[in-house]
Amino acid sequence: MNVNSIQQINRVLLLASAPFLGMLIWLLFVTANVPINPLVHKASTPISFHQETLTLDNLLTKANADAAQTKSIIQQYFELYEKSATEVAAMLQNAAAQAAKPGIIYDTRITAKLGSPIRQASSGNIDLKLFTLNESNYKGYALKVNLKSDKAIKLVLGKDKIGSSETTLDAVTRYGAIAGVNAGGFADDNKGKRYPLDTTMMNGKYVNGFFPTNNDTTFIGLNTDRKLIGGKFSSQSELDKLNPLMGSTFVPVLLKNGNKMSIPYQWQSSPARAARTIMANYKHDQLLFIVTDGYDESGNSGATLAELQDKMQQLGIVDAYNLDGGGSTTLVMGGSVINRPSDGKLRPLATNFLFFK
């Protein structure tokens, strides 16, 4: 039952008690309606007056008895009402607990696959849990994110200006965020400006217009319900149907509905291995960001996209998209850089995802 159901029950119970309350009021004032004949000074009036007095006394006695009985009935009724309301509240509480159980069990299962968190943070806006990934061919981290409100996540431009850039750590510090992850790709002009790659959205608005999919580019972001959306879009209307709130662009799509997607040949080999950043979701819409370490930009360290597809299927991921990687891959939590940037230092970026307590 929901709150509206309880309100309806209250209304029914109050309507049911209305006749009892009306009867009580009538009985309390019944004396006002008992007829008393005017006194006439005749020889026969003492007997008539005595009879009327007895009648009135009987009526008052009966009214008092009826009032006492009505009061008792009403008291019992309200005691029953209070008991029923308590039982209904307990039933609702139990129903809510039962409804939450499948989600709790599922969340426990997927978390168990990640191991024990090395860091975590929780508030009314967000739950964050950080895990390590120690695979045979690569090392990395997984940040599990439960967004509880619209205030929990934000996509930001470098220094809040199109064409500007800043490191993920600088963006986290400037905004006072609890964590941050690098977002989409970028393109540089000959004047040193760094622009977001293709379609980028902030607060439901296109930063620099819509760009149709080109060379397998993919839009990756969240809709107005804070659910992960992404894919290839040939028109703005096609993307608008998903009610996008924020997002950026990179390539390629890795998983859709738990199934591996074909990886474009260029992204299988150039580079074969690299530091990677993945944005993914579970079936209950919690997010998972995966970052892997690469020791340089030579392509000999880090993870392949195929390896990450396997790992995410193992973890029970539904959809997954590749964000910018290599020297851009950065994960910040609690004011410190968690991963090892493959540039040997943090790279200034055009866009970052930030998380807030």
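The values are calculated or read from the model by the stated rules, or taken from the named source; none is laboratory data. None of the values given here were measured: they were computed from a predicted structure. So basically every Cβ, Gly included, is an ideal-geometry build from the backbone, and we count neighbours across all protein chains shown.
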Checklist entry - Say we look at the stretch 186-207 and pick out the residues that are farther than 17 Å from Asn322 by Cα and of a type in the set (S, T, N, Q); which of these is surrounded by the most Cβ atoms within 10 Å (Cβ to Cβ)? => result Asn203
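Is it fair to say Leu143 is part of a helix (DSSP H, G or I), closer than 22 Å to Gly302 by Cα, assigned by TED's automatic domain parsing to the domain that holds Gln309 and not charged (D, E, K, R)? Show your work before the answer.
On the way: part of a helix (DSSP H, G or I): no; closer than 22 Å to Gly302 by Cα: yes; assigned by TED's automatic domain parsing to the domain that holds Gln309: yes; not charged (D, E, K, R): yes.
Answer is no for this residue.
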Next on the checklist: Contact list please: Cβ distance under 6 Å, first residue in the stretch 329-352 and more than 22 Å from Val207 (Cβ to Cβ), second residue buried (at least 16 other Cβ atoms within 10 Å of the Cβ) and acidic (Asp, Glu), pairs at least six apart or on different chains.
Outcome noted: Asn339/Asp293; Arg340/Asp293; Ser342/Glu297
Checklist entry - If we scan the stretch 36-50, do we find a residue that is under 30 Å from Ile278 (Cα atoms) and modelled with pLDDT under 80? => result no
Item to check | Condition check for Asp170: out of contact with any strand residue (DSSP E or B) (no Cβ under 7 Å at 6 or more places or on another chain) and within 19 Å of Gly327 (Cα to Cα) | outcome: yes
Checklist entry - Which condition number in (1) in a helix (DSSP H, G or I); (2) modelled with pLDDT of 80 or more; (3) not acidic (Asp, Glu) is the one that Gly124 fails? => result (1)
Checklist entry - Just to be sure, is Glu238 in contact with a Phe, Trp or Tyr (Cβ under 8 Å, 6 or more places away or on another chain), of a type in the set (D, E, K, R) and over 26 Å from Glu166 (Cα atoms)? => result no
Item to check | In the stretch 212-253, the residues that are of a type in the set (Ser, Thr, Tyr) and out of contact with any helix residue (DSSP H, G or I) (no Cβ under 9 Å at 6 or more places or on another chain) | outcome: Thr213, Thr217, Thr218, Ser234, Ser235, Ser237, Ser248, Thr249
Checklist outcome for this item: Of those in the stretch 133-180 that are closer than 23 Å to Ile317 by Cα and exposed (fewer than 15 other Cβ atoms within 10 Å of the Cβ), the residue nearest to the chain's Cα centre (by Cα) is Lys148
Checklist entry - If we only count helices (runs of 4 or more DSSP H) wholly inside the stretch 208-326, which ones have 1 or more residues that are at pLDDT 95 or above and either surrounded by fewer than 23 Cβ atoms within 10 Å (Cβ to Cβ) or not β-branched (Val, Ile, Thr) (or both)? => result 236-240, 305-315
Checklist entry - What are the residues in the stretch 332-343 that are within 23 Å of the chain's Cα centre (by Cα) and either over 20 Å from Leu155 (Cα atoms) or crowded, with 24+ Cβ neighbours inside 10 Å (or both), if any? => result Val332
Checklist entry - Any residue in the stretch 169-178 that is at pLDDT 95 or above, over 12 Å from Leu354 (Cβ atoms) and either among the acidic types (Asp, Glu) or not in a loop (DSSP other than H, G, I, E, B) (or both)? => result no
